[in-house]
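The values are calculated or read from the model by the stated rules, or taken from the named source; none is laboratory data. Predicted, not measured: the structure shown is a model, and the values here were computed from it. Here Cβ is always computed from backbone atoms with ideal geometry, including for glycine, and neighbour counts include all displayed protein chains. Each accessible area value is taken on the protein alone, full model and side chains, heavy atoms only, with ligands, DNA and RNA left out. Shrake-Rupley method; radii C 1.70, N 1.55, O 1.52, S 1.80 Å.
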Amino acid sequence: MLKFAKTRFKRGATDAEREKLKQELFTFKKTVEHGFPHRPSAVAFDPEMKLLAIGTRSGLIKIYGQPGVEFSARHSVESQIIRLFFLPNEGRLISLLDDNSLHLWEVNIKDGKSVLEEVKDFSLEGRLKKISVCCLPSTQEHLFLGTEGGNIYLLDVKTFQLLDHIIYQDVVMQNVPDDYKANPGAVEAIAEHPTDSNKLLIGYNRGLIVLWDNKSCNAEQTYVAPQQLESLAWHRSGDQFMSAHADGSYCIWNSADASKPAQNATIPYGPFPCKAINKIQWLTTKSEPFIAFSGGMPRASYGDRHCVTVMQGKTHVVFDFTSRVVDFFTIGDTDRECEWDDPHTLVVLAEEELVLMDLQSEGWPTFRMPYLSSLHSSAITCSSVQTNVPDQLWDKIVAAGDTQMAANHTSREWPIEGGSVLSETPASKDLLLTGHEDGSVRFWDVSTPALRLLYKLDTKAYFSTHDDSEVVAAADAGEEDWPPFRKVGTFDPYSDDPRLGVQKIMLCPWSGTLVLAGTAGQVVLMDMNTEEAEVDLEVTTVNIVNDRDGFVWKGHDSLTPRSTTVKVPAGFQAKHLVQCTPPASVTALANHSENQLLAIGTSHGFSIFDYLQKKVILTKCTLNPNDLSATGESSMSRRKSLKKSLRESIRRLRKRGSRSTPSKKEAKPRVEAVPTTDLDAPEKGEEAAAPVQRLVEARQPDGDMASMVRCLVFAETFLREGASAGLSLWAGTNSGGIFVYSVTMPEADKREEEDVVAELGKEVQLKHRAPVVALSVMDGSNVPLPDPMDVKHERADAPNMNGTHTVVVASEEQFKVFTLPRLKEKTKYKLTAKEGVRVRKVGFTQYRSRSDEKHVEQHLSLVTNVGDFLVFSVPQLRRQVQHSCMRKEDINGITSTIFTRDGEAFFLLSPSELQRCTLSARVAVEPLCMLELPEGARPAPPPEPEPEPEVTAEAEGEGEKTEEEKPASVPETLPSVPAIVVETSPPNPVEDETEEAPAEEAVAPEKPESEHEAEGVLADIQKTLENTSILDSTADESKDSVGDITLDDIKDYIASKEGPDEDSADKPAVDEAPKEEAGAEEQVNSTQDAVTENAVTTDSEQTEGGIVANDEVPTIKTTGLKEDDQEDQQASEPLQELRITEGDDDK
């Protein structure tokens, strides 16, 4: 017993230390969202502070400045953002939601950095008050709100409340034609006069346009357009304006002549019916003006195009986007006082990307995006992270990318440059590689919060696809010169051939070898080359199922490599192609760069390829010999379907029987058993009793994907007792099988002549047949074996080959650690049986202490099928932390998760966004930025009305007083008595011209015998009040209904029971309200009822009418209520407040 107590005490101390250490090692934080916001719906720009804001349909706001400056916030309700308005140079933003609410946001400083916070909100209610358009004038004092009912309201930006001034539609319609007076439609556009801020154009849906003078509240001009109105734009001079219409036309009007347009309506892409011009801008320059508009395409020919047209003189370009245009605007460096607009940048927000065009450079090229890149230009199929990339390879990738993008992008600097970055330059250079459906691979810089595209690699050039003939035919036919389309943007959701999709990526940063595996079984080996070259691609075919004569592949064909020389630019260039047969998708990949060996796994087996000698070393088919119908497609065999259905029926019957009532013999509670497997069998000496666990059924071996290879690992470890360490390949399958092959390498000087030999060393089958998700071999120090190239270049310590090696097997249901070479079980953890979840992705990570850099621990990080992140220690397999990160319905996010070596994780937040988070307390990459506002940028907030001071025990009358300030005549009081304030009807005000006379000094008399009786009465009152249910309320308080019960009050009350005071008969009644002069004894006995119905006033001096003598009997009064109404008042009006006060008779 003593030994047990010592053990428990020692364990408690150890646990406390471990919990403290966990705080230094682990945390969970979502740091930054990389990519393009999902489903954008609004955009705004601050020309003074150079900030860009994007709002989404889910209510998210993101503000961007220079690379690394980013603020984000989300509305409390998930509602679509309709419009965004910056208050220039104030760091404030107004958002309009589709629920007709407006919200004011500010960028404020908190914890040493700037954050975006909501400070005010306002809502317009009513069907006719639905906001249809907004306009922020140059004064920034108020916001014009045009509604569907036709009225225009003014929102004060300072107070964020509506002004009394309203532009009523009836007033505007006084001088308009009778045809439009009936129903001009909703307010469609509002445009401020460029030179006179008191005037604005108001455009209504049916085509009516009014020039309104807001100062004189008068309609100066009325213009009648022939078509439905969509947009308005002023000329810089204010003498003319332009209107855009639903038939694809625009008109130019003289502001002084309302009789007819200055020019006939122009349909740029007529005469056939065209779509509406949604928005138009008219911008002046020193030469020809710019006219930019969205929409207006011919309905029949190009009605499905998403375009923004820009015209300047004879230059006419139609920028063609592959997704719907949300909004566009231009950026210029001029202010309101300048004579010209001089725009230099066109910004177009589409649903899937943001594109900026340089209007000052010849040909109007696009800008290279330093952030907000479209991650999903083609659908992401896989991803990989390479941390701490060597400078030599990094510089080559950057140089190749600069050369690649220089031809299509402008050399001008990025125009959105607001804010300042506080974070330091990253110490390491981290690379994110994303594989896409179109066969491309993109290299991203993830060293900083700003995700920047470095380089794009395309594998399509090495294959002949079935779309090539269509491309040639289209090139021969050519496209019409009108409209003059120009394809811009990178988003392209259409793949030429789905077989090109990249499924696996592996990069060796030291040798520069890149391995890409695709959907059709193609594996491309590439090397980095700094010069342009012509490539003759060599092909090696690997038949994985050559020993299965009865196998028939019913899937897609393999890709056809180009037979001619391929000219490729500088960067990664293909040197060899391995084509697997059958051409199933590659599911696993392993590369040993030091020995130039490549392991490839598919749904049929795996192979080892020597890419130095370009030979196949080994092929292993993992198909079940008794079932050769596994073709990579879903089976349609009736025999299997019937067999499966019978099996499920028998299981249901067994489960139904297990739910029946247990017999009386089963007195002891029964523990649910887990089917015994090689991972579940108890060790000798292990107690039979175990905690209750979930029933995990063994999986059937005849599943369609049972033969799929899930993981491949090269490791130099011990496979035979007494033998030295050697290279080995570990392969885990979907059916719980593990194959271990010993790989014998020739001598270094004979490497090119002698063959590499691979022999089967061990084969393990997990009885529960759960898919093997990950494998890792640990050295004698329980550290995962490092990459030999990292050890060679001193980026990692050499492994400990003296101690006992272990292997960690992570299946979907459990983890287990075996010692090598005997594969004896060391530790295990049944995740599914204990937690009820399954493993989806695993990463072996190291966690370094936040305060002690030398303290490093190796752990297993994973994500489950319900979206939780868990960390387990290795080899102890003890859970360290668990955090909920994703919804279990987010299948794409869970399956796309990847872990870095340092404890970070990436997963798809949406098709266009990548969420970055950290599990390490030391490593975090997040935006750390500051927005510095000029002094006096924000107007001083309006003074808010001071709240009425609450009457408390310390602040009755004149407020708090010190002992010296209190009058000497204050009598001795009993312990504090609660004074109750109840909401009542407001009392009639009575003028009181009597000033309160100062109390005379008096000496406190000794306690008479009657005081004991007074204390008893007071105790009864306190007990009654304590038993009364009092609720707090925010209703207004009445000062006249507050009073204190003092010792003198009780004595006077007792005296009144014996006989009335002789002097009191001559004193006038103060309160003449009916039903208020009930006897004191009756009112004291009914204190509880009176408290819950009306205000209690027990002050012996102050009443509603004025000041009375000190010896007047205190009364508990009801103000403004009759006896018949008291019960209703008690039920309907909430109680206000309960205060504990000390009596002050000086009041």
Kindly indicate whether residue 177 is farther than 18 Å from residue 133 by Cβ and open to solvent by less than 60 Å² (accessible area, probe 1.4 Å). yes
I need the full set of residues from the stretch 104-119 which are assigned to a strand (DSSP E or B) and surrounded by fewer than 17 Cβ atoms within 10 Å (Cβ to Cβ), in order please. 108, 109, 110, 113, 115, 117, 118, 119
Test each condition in (1) in contact with a Pro (Cβ under 6 Å, 6 or more places away or on another chain); (2) open to solvent by 30 Å² or more (accessible area, probe 1.4 Å) for residue 208 and report the one that comes out false. (2)
Would a scan of the stretch 174-181 turn up a residue that is among the basic types (Lys, Arg) and touching a residue at least 12 places away in the same chain (Cβ under 8 Å)? no
Checking residue 803 against (1) touching a residue at least 60 places away in the same chain (Cβ under 8 Å); (2) surrounded by fewer than 17 Cβ atoms within 10 Å (Cβ to Cβ); (3) not in a helix (DSSP H, G or I), which single condition isn't satisfied? (1)
Working carefully through the options 333, 342, 320, find the one that is in contact with a strand residue (DSSP E or B) (Cβ under 8 Å, 6 or more places away or on another chain), surrounded by fewer than 20 Cβ atoms within 10 Å (Cβ to Cβ) and modelled with pLDDT of 95 or more. 320
Filter result (assigned to a loop (DSSP other than H, G, I, E, B), under 24 Å from residue 787 (Cα atoms) and either modelled with pLDDT under 95 or open to solvent by 20 Å² or more (accessible area, probe 1.4 Å) (or both)) within the stretch 556-592: 587
Per the filter on the stretch 130-144, residues in contact with a Ser or Thr (Cβ under 9 Å, 6 or more places away or on another chain) and either part of a loop (DSSP other than H, G, I, E, B) or among the hydrophobic types (A, V, I, L, M, F, W, C) (or both) are 130, 131, 133, 137, 138, 139
Among the residues of the stretch 773-793, how many are in contact with a strand residue (DSSP E or B) (Cβ under 7 Å, 6 or more places away or on another chain), more than 13 Å from residue 860 (Cβ to Cβ) and not aliphatic (A, V, I, L, M)? 0
How about the stretch 74-102: which of its residues are in contact with an Asp or Glu (Cβ under 7 Å, 6 or more places away or on another chain), assigned to a strand (DSSP E or B) and either of a type in the set (A, V, I, L, M, F, W, C) or at pLDDT below 95 (or both)? 82, 86, 102
Pick out the one residue from 71, 28 that is open to solvent by less than 10 Å² (accessible area, probe 1.4 Å) and within 17 Å of the chain's Cα centre (by Cα). 71
Looking at residue 163, is it open to solvent by 20 Å² or more (accessible area, probe 1.4 Å), among the hydrophobic types (A, V, I, L, M, F, W, C) and not in a loop (DSSP other than H, G, I, E, B)? yes
Would you confirm, using the coordinates I've provided, whether residue 896 is at pLDDT 95 or above, under 27 Å from residue 784 (Cβ atoms) and open to solvent by less than 10 Å² (accessible area, probe 1.4 Å)? no
Out of curiosity, is residue 398 surrounded by 22 or more Cβ atoms within 10 Å (Cβ to Cβ) and aliphatic (A, V, I, L, M)? no
Could you tell me whether any residue of the stretch 806-817 is in a loop (DSSP other than H, G, I, E, B) and open to solvent by 30 Å² or more (accessible area, probe 1.4 Å)? no
In the stretch 12-59, which strands (runs of 3 or more DSSP E) lie fully inside it and hold 1 or more residues that are more than 27 Å from residue 933 (Cβ to Cβ)? 26-35, 40-46
Is the stretch 933-944 home to any residue that is on the phi > 0 side of the Ramachandran plot, more than 17 Å from the chain's Cα centre (by Cα), at pLDDT below 95 and not in a helix (DSSP H, G or I)? yes
From the options 476, 438, 445, residue that is charged (D, E, K, R), at pLDDT below 95 and surrounded by 20 or more Cβ atoms within 10 Å (Cβ to Cβ): 438
Residue count, the stretch 371-394, condition surrounded by 20 or more Cβ atoms within 10 Å (Cβ to Cβ), in a loop (DSSP other than H, G, I, E, B) and under 21 Å from the mean Cα position of the chain (by Cα), comes to 7
Does residue 618 satisfy the condition of being at pLDDT 75 or above, within 30 Å of residue 786 (Cα to Cα) and crowded, with 17+ Cβ neighbours inside 10 Å? yes
Unmet criterion (only one of (1) open to solvent by 50 Å² or more (accessible area, probe 1.4 Å); (2) outside any loop (DSSP other than H, G, I, E, B)) for residue 822: (2)
Checking the structure you have, find out if any residue of the stretch 180-200 is closer than 18 Å to residue 135 by Cβ and aromatic (Phe, Trp, Tyr). no
I'd like to check something: does the stretch 367-381 contain any residue that is in contact with a helix residue (DSSP H, G or I) (Cβ under 8 Å, 6 or more places away or on another chain) and over 30 Å from residue 586 (Cβ atoms)? yes
Being open to solvent by 60 Å² or more (accessible area, probe 1.4 Å) and within 29 Å of residue 300 (Cβ to Cβ) is the filter here; which residues of the stretch 218-276 pass it? 226, 227, 228, 263, 264, 267, 271, 272, 273, 275
Can you find a residue in the stretch 395-407 that is within 30 Å of residue 112 (Cα to Cα) and outside any helix (DSSP H, G or I)? no
Going residue by residue through the stretch 190-197, is there one that turns out to be farther than 15 Å from residue 244 by Cα, open to solvent by 30 Å² or more (accessible area, probe 1.4 Å), assigned to a strand (DSSP E or B) and modelled with pLDDT of 90 or more? yes
Restricting attention to the stretch 518-555, which residues are under 30 Å from residue 395 (Cβ atoms), assigned to a strand (DSSP E or B) and of a type outside the set (Gly, Ala, Ser)? 522, 523, 524, 525, 526, 527, 528, 529, 534, 535
